[in-house]
Ligand SMILES: Nc1nc2c(ncn2[C@@H]2O[C@H](COP(=O)(O)OP(=O)(O)OP(=O)(O)O)[C@@H](O)[C@H]2O)c(=O)[nH]1
Ligand SMILES: [Mg+2]
Ligand SMILES: [Zn+2]
């Protein structure tokens, strides 16, 4: 299945369920369809008979909520109006909800953190997981190759969503036969460690770094996110002796085959939770602004440029370009900066264009 087919199919399901539930709710109670949003909802006095639980997965059959009395299959009530919100999915794994005895979700509690991306259409924000302490930014070497710009996207998203980021580089067992990738990995490691980001190098296949990863996950709620095929499910399996489905890689493209299809919150033996998520091929940051990029790449400010508003692309007297030429600045870091800079500039252009389109409608 092509990536777009897959993603569309995956989220179409989400949409279909929502439409059906909205129709049902509309039929029973039209008064609930006043203009509303989550903030207003939280001010509403809640029915004390509602039960409280946490969303563990959202699939074709409905929303599984873990509560005092075990897992309950719930559904979204029509009163939660998705169209009025910017988010593509109103509910995400990790949400704390209130639901009635018949499983209708009536309220979503305020979130303390979130991991989100731009959905495939580029028009909506899509939540990946919420109420999570740390984002395990899962990448691999060789197969799929390490992509520093993707790591930076996740770092920006984690910071924005108030999640503690941890970069986990899997499949380091493959480095011994790939000297070029090994050199790139070492440069990446040196550069990002120096910037102060926590990084763990592991191999689920050979059990390298698994104990350290387990220690990192203990007692916290973490979300494993990253491309398909980097080994997210394999790592969770290696840490806890679980049997989550893992998949191969497409031979031609060395891309993952989308083995995990729904995000799932798992209770960890020894305390804590983790969310295994389906791999994504494009992780765009919702409304990425130039300021986000400049803030995230604040290390580049250490190199003095002639112009204070230098973008470090081709400006005369650019200290960043000089440092790059002299080998003082890692080309990995610089390339990642350029990728995100271009993305932010394109995003700003698209948004301006969209606004103009809307005005002329
Ligand atoms: N060589 C090597 N292969 C690994 C390692 N970890 C996982 N793999 C392989 O990588 C492939 C993908 O692993 P998965 O755990 O399914 O990857 P995933 O990130 O969960 O993928 P999605 O569920 O599609 O997002 C499988 O064939 C694994 O056996 C590792 O440390 N070394
Ligand atoms: Mg998986
Ligand atoms: Zn510059």
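Data table
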read-out: Separation of alpha-carbon centers, the range 97-130 and the range 291-336, rounded to whole Å; value: 37
read-out: Descending Cα extents along the principal axes, the range 97-179, whole Å; value: 58, 28, 22
read-out: Sorted by Cβ density within 10 Å, fewest first, the residues 96, 163; value: 96, 163
read-out: Inverse mean reciprocal Cα-Cα distance (Kirkwood Rh) of the range 130-276, Å; value: 15.4
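Where a number appears in this text, it was derived from the coordinates with a stated rule and is not lab data. As the structure is a computational prediction, the values presented were derived from the model and not from experiment. Reconstructed Cβ throughout: ideal geometry from the backbone, glycine too, with neighbour counts over all protein chains shown.
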